[in-house]
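Visitor: Attaching a single structure in structure tokens format; questions to follow.
Here, each number is a calculation from the coordinates, and none is a lab measurement. A quick note: this is a predicted structure, and the numbers were derived from the prediction, not measured. So basically every Cβ, Gly included, is an ideal-geometry build from the backbone, and we count neighbours across all protein chains shown.
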Amino acid sequence: MAIKCRKELTGGLYTGLNTKHIVMASKMVAEYSGLHVQPHKAIVGANAFAHESGIHQDGMLKFKGTYEIISPEDIGLTRANDSGIILGKLSGRHALKSRLMEFGYNINGKELDDVFKRFKEVAEKKKCVSDEDIEALISDELFQPEIVWSLGDLQVTCGTLGLSTATVKLISSDGEEKIQCSIGTGPVDAAYKAVDNIIQVPVTLVEYTMSGVTEGLDAIASTRVVIRGDDNSRTSTHALTGETVYRTFSGSGASMDVTVSSVRAYVSALNKLLGFRSSPNRSGEMIQQK
């Protein structure tokens, strides 16, 4: 963007990059890496095009170029409040697609159908679906690995009166359904053990984090997990030390139910692990661990 905005200082240097994909690329990297972009980050931060000061707001209302050397449209971002659309349970597919276009997501077909289905599920429970809710849902749908297993149904029982139990139904890529029940120290632990009983791949949960996407008790929960395969088929060699290290795989999930969100994230990570195919080239690859 510096090169594009300051052509007179670069001798007319031209990159050929489509800058309208910057926001989308940033969101994709954030989702895959699990590293959130801080609000004050230049260009792609949430506050990059926010104006709170009265003087700034007055200048923006008169001429947007007063305080914005870069237009948000140049990086694929459209101000949501310019459209005047408020999404809720009565909103249709066209309104949702219009809002997604504002976020930089041009999706159609099955991808749009899947996002719309998840949107309607949330909209039935919330009076107004926020932009943050939509961002969480679309990230959960689009930034996922190749599906080996997907969550069908989940039922948990927990509390102080007995053991936490979970019943999980997973659906394989060829449509096969498998159901398992398990007990655990809590609903998430029980659900994860039920998933393990179905997939039967030895893994260790390395990291588990959950955060609320918005304020309020009806907020969507966003979960990220990191797992490590316990078998020797998913290892790499450290580029500096030469030691053998176990590869880790991350997964993310989102739902208004914290347990559902947790299981979606766990299954997502397992799909990455299962999709990784060990080969002679990969078993001896040299990677730089950061």
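Visitor: Dipole magnitude of segment 119-181 about its Cα centre, charges +1 at Lys/Arg Cβ and -1 at Asp/Glu Cβ only, in debye to the nearest 20?
Guide: Dipole of segment 119-181, to the nearest 20 debye: 400 debye.
Visitor: Quick check: pseudo-label points 7 Å beyond the Cα along Cα→Cβ at residue 245 and residue 30, how many nm apart are they?
Guide: Placing both labels 7 Å beyond Cα along the Cβ direction yields 2.6 nm.
Visitor: Work through the residues other than residue 104 whose Cβ is under 9 Å from its Cβ and net out their charges, Lys, Arg +1 and Asp, Glu -1.
Guide: +1
Visitor: Related question: What does the charge count near residue 195 come to, summing +1 for each Lys or Arg and -1 for each Asp or Glu among other residues with Cβ under 13 Å from its Cβ?
Guide: Charge balance near residue 195 sits at +1.
Visitor: Report the extension gain between residue 124 and residue 93 in nm, rounded to one decimal, defined as 0.36 nm multiplied by the number of residues separating them, less their alpha carbon distance. Each step should come with its number before you reach the end.
Guide: Values: separation 31, 0.36 × 31 = 11.16 nm, distance 1.47 nm.
That works out to 9.7 nm of additional length.
Visitor: For 261, 139, what ranking results if the residue with the fewest other Cβ atoms within 10 Å of its Cβ goes first?
Guide: Going from least to most buried by this count: 139, 261.
Visitor: With contacts defined as alpha carbon pairs under 8 Å and 6 or more residues apart, what's the relative contact order of segment 158-284 in percent?
Guide: Normalised by residue count, the contact order of segment 158-284 is 18 percent.
Visitor: Let me ask something else. Could you work out how much longer the chain between residue 8 and residue 210 gets when fully extended? Use 0.36 nm per residue separation minus the Cα distance between them, nm to one decimal.
Guide: Working it through step by step, the gained length comes to 68.1 nm.
Visitor: Cut-off is 10 Å between beta-carbons; in what order do 98, 71, 26 appear when sorted fewest neighbours first?
Guide: 71, 98, 26
Visitor: Test of understanding: express the Cα radius of gyration of segment 149-287 as a ratio to 2.2 N^0.38 Å, with N the residue count.
Guide: 1.16
Visitor: Counting other beta carbons within 10 Å of each Cβ, put 5, 158 in order, fewest first.
Guide: In increasing order of surrounding Cβ atoms, one gets 5, 158.
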